[in-house]
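Note sheet for the following structure.
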Amino acid sequence: MDRALFLAVNQHSVNPLADALLPVLTDGTINALVLAAVGLGLLVWAARRGRAELGWAARVVLVGALAVALGDLLGGQVLKPALARLRPPYVLPDVRLLVGVGPSFALPSNHAVNTGAVATAIALGYPRLGGWMLAYAALIAYSRVYVGVHWPSDVLVGLLLGWALAVLLWGVARRIGPRAGTTEGARG
């Protein structure tokens, strides 16, 4: 099933616009800059609304950043070497490889882990932004399959790991203290 889904995305969903856009969007540096810009934008917006809002936004950004750090450690340093799953270009002939393939193993996709973690942290702290961020995470996950460097299950596991880490850290952050001056969750 993984192979069939990979081929459906990588071979049969070819689109000239996606061929131009997704390799840029999926670039690790570009993705990191987008996520950092969203976090910084959230902090700047919150600072204009006052100290309590800035504290809340800082909590959201910190949860996202810590989830990314833990995701990189767990995904890149523990799971990838332990599972040793080869990337599609090393297994299948004629993969449409639109970006360079790194030397690391495939499972999980750290792009998906990181983007899923940040999207989940923002969705938990600011539910109105959640849909946009989760859509962005899904687009990044899709792009990793489209450009030929990950299996669909790699990105699914990556998104789930990012989600789980953000939810876990959010739970820890909630124990530290509720949102000051408001009923937590009222932003929904």
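Using a simple spin-label model with points 7 Å from Cα along the Cα→Cβ vector, what separation in nm is obtained for Trp132 and Ile30?
About 2.0 nm separates the two model spin labels.
Place the peptides 116-125, 12-21, 158-167 in order of packing, highest mean first, counting for every residue the other Cβ atoms within 10 Å and averaging per peptide.
My ranking of the peptides, most packed first, is 116-125, 158-167, 12-21.
Nearest 10 degrees, 0 to 90: what angle lies between the long axis of helix 110-125 and the longest principal axis of the chain (Cα atoms)?
Between helix and principal axis, roughly 30 degrees.
To the nearest 0.05, what FRET efficiency results for Leu139 and Arg51 with a Förster distance of 45 Å applied to their C-beta separation?
Working: r = 34 Å, r/R0 = 0.76.
With a Förster radius of 45 Å, E is 0.85.
Roughly how big is the range 18-152's charge dipole about its Cα centre, with Cβ charges of +1 (Lys, Arg) and -1 (Asp, Glu), in debye to the nearest 20? Spell out each step's value before the answer.
Working: 10 positive and 5 negative charges, 71 e Å.
Here the range 18-152 has a charge dipole of around 340 debye.
How many nm is it between the label spots at Leu86 and Ala8, if each spot is 7 Å from the Cα in line with the beta carbon?
Result: 2.5 nm between the two label points.
Using a 10 angstrom cutoff on alpha carbons, build the Gaussian network for the chain and name the most mobile of Tyr142, Tyr126, Tyr90.
Highest fluctuation of the listed residues: Tyr90.
Rank these for me by crowding, Phe6, Phe105, going from fewest to most other beta carbons within 10 Å. Please report the intermediate quantities before stating the final value.
Numbers: Phe6 22, Phe105 18.
Ascending number of Cβ neighbours within 10 Å: Phe105, Phe6.
For Val34, Val63, which order do you get if you count the other beta carbons within 10 Å of each Cβ and list the fewest first?
Numbers: Val34 16, Val63 27.
Listing Val34, Val63 from fewest to most nearby Cβ atoms yields Val34, Val63.
Whole-Hz Karplus ³J(HN,Hα) for the range 39-53, in order, using 6.51 cos²θ - 1.76 cosθ + 1.60 and θ = phi - 60°, x for Gly and Pro?
So the Karplus estimates, Gly and Pro as x, are x, 5, x, 4, 5, 5, 4, 5, 4, 6, 8, x, 5, 5, 5 Hz.
With 10 angstrom as the radius, rank Ser143, Ser104, Ser109, Ser153 by how many other C-beta atoms surround their C-beta, starting from the fewest. Let's see the in-between values first.
Numbers: Ser143 27, Ser104 12, Ser109 30, Ser153 18.
Ascending Cβ contact count within 10 Å gives the list Ser104, Ser153, Ser143, Ser109.
Here, each number is a calculation from the coordinates, and none is a lab measurement. From a predicted model like this one, the values you see are computed outputs, not experimental measurements. As a convention, Cβ positions derive from the backbone with ideal geometry for all residues, glycine included, and neighbour counts pool all protein chains shown.
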